[in-house]
Amino acid sequence: MSDETTPPAGRRADRTADRLNRQTDIARTAALIADPSRARILKALCDGRALPAGALATEAGVSAPTVSAHLAKLVEGGLITAVRDGRHRYYRLMGPEISTALEALALIAPPLPVTSLRESSVTNALYRSRTCYDHLAGRLGVALMRALLDGEVLTGHDGVHRPEQAVRDRPSAYGHDTDYRLTDTGRGRLVAFGVDPDRLPKRRPAIRYCVDWSEHQHHLAGALGAAITARLFDLGWLRYGVSPRVVHLTDTGADGLRQTFGVAVDG
C-alpha cells in the first residue's frame, strides 16, 4: 500500500509538539467525534488496520454516500487518512494518539445499553483480548506483559497500576511513571521468537506501556509491543475477530505463548 496523505513521522512529531505549545481547537475535533456514525467509524479503525469504505459503512450502519461524507470530514479534520492499494482506497487512523484519545473518552462516557446477546459477547471479547491500536491489550495483553516480567525479558516494575501511587499514569493512556527496560536475556529470547529489538523502527520509542482501561494493569506498547503483536499474527497465534479491535487467541497460539513466554492463558 502507498500512503496518499500521511506526513512523514518527523513532520507528524513536529506538528504534535507545535499543538502542545499553543491553543488548540478542541471543540472542532470534539464535534467530529460527537456524531454517532463517525464515532463508530473511528472505533472500527482503532486496531490500526486500514479498512475500505464499504466495511466502515456496514460498521456505522449508514449508506455508501453517507459514509463517504463522514470519511471526507474525518480526513479534513486530521483524524483519519486515506491510503491506496491499486484501484482501491482504504482508511485508517492518522496515528495511535487518536486511538488513545478515544479510549480516554471511553472512561468518562456513559456505557451504551447492551440490548442483545451479540453486544454482550462483543463486550466480553474486548475485555478478554483486543488491540490497542497496533499492540495487544485486555486480559491477554496484561498476561503477556506479566509473563515478560516474570521471565525477565523486561525489568523495571511489576506491571500493576496503583492509583494511589501514580504520578502521571492514568487508565487508558500511555504510562510515564515507570521505565521498563529490555534485559540481555530478553533480547536473546525475542530474537529466537522472531523479533529483533535492534531492527525496530526508530521513529517511535521501543518500549512503552499503557495502563489498560479494563484490567488497570500495564500492557506492552511502543515499537516492541507492535512487533510482538505482528509476530503473533504472522504465526497464526492470533486472528482478528468479526468486531473491530477484537482478536482471538488460537489453540496453537495458546500453546505457543505458554511454551515461549510462560503466558498463563485463561478461558
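Brief remarks follow.
- Residue match in region 201-212 (condition: open to solvent by less than 40 Å² (accessible area, probe 1.4 Å), within 20 Å of Cys46 (Cα to Cα) and acidic (Asp, Glu)): yes
- Candidate set: region 141-156, residues that are aliphatic (A, V, I, L, M) and in contact with a His (Cβ under 8 Å, 6 or more places away or on another chain); chosen: the one nearest to Thr185 (Cα to Cα): Leu149
- Arg231 vs. criteria open to solvent by 30 Å² or more (accessible area, probe 1.4 Å), within 17 Å of the chain's Cα centre (by Cα) and farther than 18 Å from Pro96 by Cβ: yes
- Residue check for Leu51: modelled with pLDDT of 85 or more and either closer than 21 Å to Tyr240 by Cα or open to solvent by less than 70 Å² (accessible area, probe 1.4 Å) (or both): yes
- Looking only at region 152-187, and only at residues there that are of a type in the set (Lys, Arg) and not in a loop (DSSP other than H, G, I, E, B), the one that is least open to solvent (accessible area, probe 1.4 Å): Arg187
- Residue, modelled with the lowest pLDDT, within region 10-46, restricted to residues that are part of a loop (DSSP other than H, G, I, E, B) and in contact with a helix residue (DSSP H, G or I) (Cβ under 9 Å, 6 or more places away or on another chain): Cys46
- A Cβ distance below 7 Å, combined with a sequence gap of six or more or placement on separate chains, defines the contacts here; from region 186-201, residues that are in contact (Cβ under 8 Å) with a residue 12 or more places away in the chain and among the small types (Gly, Ala, Ser) reach residues that are open to solvent by less than 50 Å² (accessible area, probe 1.4 Å) and not in a helix (DSSP H, G or I) in the pairs Gly186/Val153; Gly186/Leu154.
The values are calculated or read from the model by the stated rules, or taken from the named source; none is laboratory data. Values in this document were obtained by computation on a predicted structure and should not be read as measured data. So basically every Cβ, Gly included, is an ideal-geometry build from the backbone, and we count neighbours across all protein chains shown. We work out accessible area using only protein heavy atoms, side chains counted, and drop any ligands, DNA or RNA first. Shrake-Rupley method; radii C 1.70, N 1.55, O 1.52, S 1.80 Å.
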